[in-house]
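Each remark here refers to the structure printed beneath this line.
Quick note: the coordinates plus some simple rules give every number you see, no bench work behind them. Since the model is a prediction, treat every value here as computed from it, not as a measurement. Note that each Cβ is placed from the backbone with ideal geometry, even for glycine, and that neighbours are counted across all protein chains shown.
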Amino acid sequence: MAIDYTKRGGATPEPPAGNPVPGAPVPAADVPLSLSKVTLTKSAPTVSLTKQGSATGRLHVNLNWQARPTDGEQPKGFLKRMAGAAQPGIDLDLGCLYELADGRKGVIQALGGQFGQLDAPPYIFLDGDDRSGTNVGGENLFINLAHAAQIRRVLVFACIYEGASAFDQAHGIVTLTPATGAPIEVKLDEAAGRSRMCAVALIENNGGDLTVRREVNYLDGAQDVLDRAYNWGMDWTPGRK
């Protein structure tokens, strides 16, 4: 079951007038073209956005995955069409836990309508919810690095909402694309058992050095388990989209 949360210290501030709304298109200029890509692995898990000159502008975090489960031998022909029609699409959710420099904490996720905002705290915005995996754009999260000094850490996560019993069936890829510099890719390609929650990457501000560290940490449970694993310290209640 997905988990919503009750945040300590009051409600999330309302977005100011003119702020993007869920589903609103993002200007193409915010997504740069690049011929190179950095893939984070177990042996090379960390990259510094600051050192590569990428700690500015909007950081675009994209989750894409395969729309249908691929578990075992697949039927062919007519049986394949019948199976495809009967099989629900995979619904993965992209979100993040955040902690600001002043100690405020929260979650950005479709569950509970916690889409965030870019130009006011928490400076993070989720642009919608792809319920099927058929949207070629996947799910997208944006972090306003113009306010990087106000952000202490952001834990990007993906969770299975429905349509698959394990991440192995979804073949998910998370790509973090800065306004300048090479995109950073994290593949969710390790055996995950029946875990339905994955901590994907941790973005941290360490004395002005903004880094991205690969986690790919599969957890048995929901957002409350993720919270405890990374010592976030929030209160959670059951929720549903």
- Query: Using the 10 angstrom Cβ neighbour count as an exposure proxy, how do His60, His171 rank, fewest first?
  - Reply: His171, His60
- Query: What is the local net charge at Val216, summed over the other residues whose Cβ is closer than 9 Å to its Cβ (Lys, Arg +1; Asp, Glu -1)?
  - Reply: 0
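Arranged by the count of other C-beta atoms within 10 angstrom, fewest first, what order do Lys42, Lys37, Lys105, Lys187 take?
Values: Lys42 8, Lys37 11, Lys105 19, Lys187 16.
The most exposed by this proxy come first: Lys42, Lys37, Lys187, Lys105.
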- Fully extended, how many nm does the chain gain between Ala101 and Arg213 (0.36 nm per residue separation, minus their Cα-Cα distance)? 38.4 nm
- Cβ-defined net charge surrounding Gly172, 9 Å radius [Lys, Arg +1; Asp, Glu -1]: 0
- Item | Environment charge of Ala229, counting only residues whose C-beta is closer than 13 Å and scoring Lys/Arg +1, Asp/Glu -1 | -3
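Return the tail of the calculated pair distribution for region 142-241, meaning the percent of Cα-Cα pairs more than 25 Å apart. Kindly include the intermediate steps, with their values, before the conclusion.
Values: 1241 of 4950 pairs.
Value for region 142-241: 25 percent of Cα pairs lie more than 25 Å apart.
Extension gain Asn231-Gln150, at 0.36 nm per residue separation less the Cα-Cα distance, in nm? It would help to have the intermediate numbers written out before the result.
Working: separation 81, 0.36 × 81 = 29.16 nm, distance 1.95 nm.
Computed gain between Asn231 and Gln150 is 27.2 nm.
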- Note on the structure: Between Ala120 and Glu204, Cβ-based FRET efficiency (R0 25 Å, step 0.05) works out to 0.70
